[in-house]
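Here is the structure we will look at, set down as structure tokens.
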Amino acid sequence: MISKPKTENELARLEDDELIAYAVDARDAGRQDDFRSAVNIFISRRIGLVSYWVGRKADGDEADEITSMAFVSIFEGADRIKGSSPGEIVEWMRTVTARRIADHYRKMEKQPGFTTIDDQPKDEGEWSEPASDPDSTGGVELGMVIDKILGELDEVKREVVELRIDGHSSKETADGSRDPGMTPVNVDKIFSRFRKALARELDF
């Protein structure tokens, strides 16, 4: 059964399995905009995960640069995703991130004292994302962009966004909020506005 089109707020309330099932249905029905909206939400929920992957190989400004390149590639390549489950899409994101890490260190190879990282990423195969020039995206400091957006929020909204970035569900975030009136619907709206602001800052 083909899913009916949903608003962004409706998509934000879906669990990961439901969100990807909707995305797959939309893709199969040729509704690319609906597919992209659902996948973008799924990707945005994993900001912290991509940062963690990068953080295992780099830190500081270097990590910010690699993370920004990874997110640019992930968002640009989302239209080509062929996965049909959350696990497959997370693995694709991991592969793209690993390629950006490898790109960064290949760029550094000519510098004195460089040491090659041990584990190289596997071939992306069917997951291939559009070719990108690391030099053209490396200036985007994702960490700085996120900090800027968070800095424009009040304490309650900032706490909500940070909890969602860390992987907590909307219900968990609402239950843990310092605002006793916070609900999962409120959490979804706050995080949706954060994703839109992030997309604007990164020109997505």
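Each reported figure results from applying straightforward, stated rules to the coordinates on display, with no laboratory input. Note that the coordinates shown come from a computational prediction; the quantities given were computed from them, not determined experimentally. Backbone-built Cβ (ideal geometry, glycine too); neighbour counts: all protein chains shown.
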* **Listed residue (V39, L49, Y22) projecting farthest to the positive dipole end of segment 7-57, Cβ model** => L49
* Apply the Debye scattering formula to segment 142-201, with a single equal point scatterer on each alpha-carbon and no solvent, then give log10 I(q)/I(0) at q = 0.14, 0.27 Å⁻¹. => -0.34, -1.14
* Structure fact -> Net charge near D17 (other residues with Cβ under 14 Å of its Cβ; Lys, Arg +1; Asp, Glu -1) is -3
* **Global geometry of segment 22-65, whether rounded, prolate or oblate, following the gyration tensor of its Cα atoms and the 1.5 cut on a/c** => prolate
* **Sorted by Cβ neighbour density within 10 Å, fewest at the top, the residues L150, L11** => L150, L11
* Structure fact -> Of the listed links K6/K171; K6/K196; K107/K148; K6/K189; K6/K148, those spanning more than 22 angstrom between alpha carbons are K107/K148; K6/K148
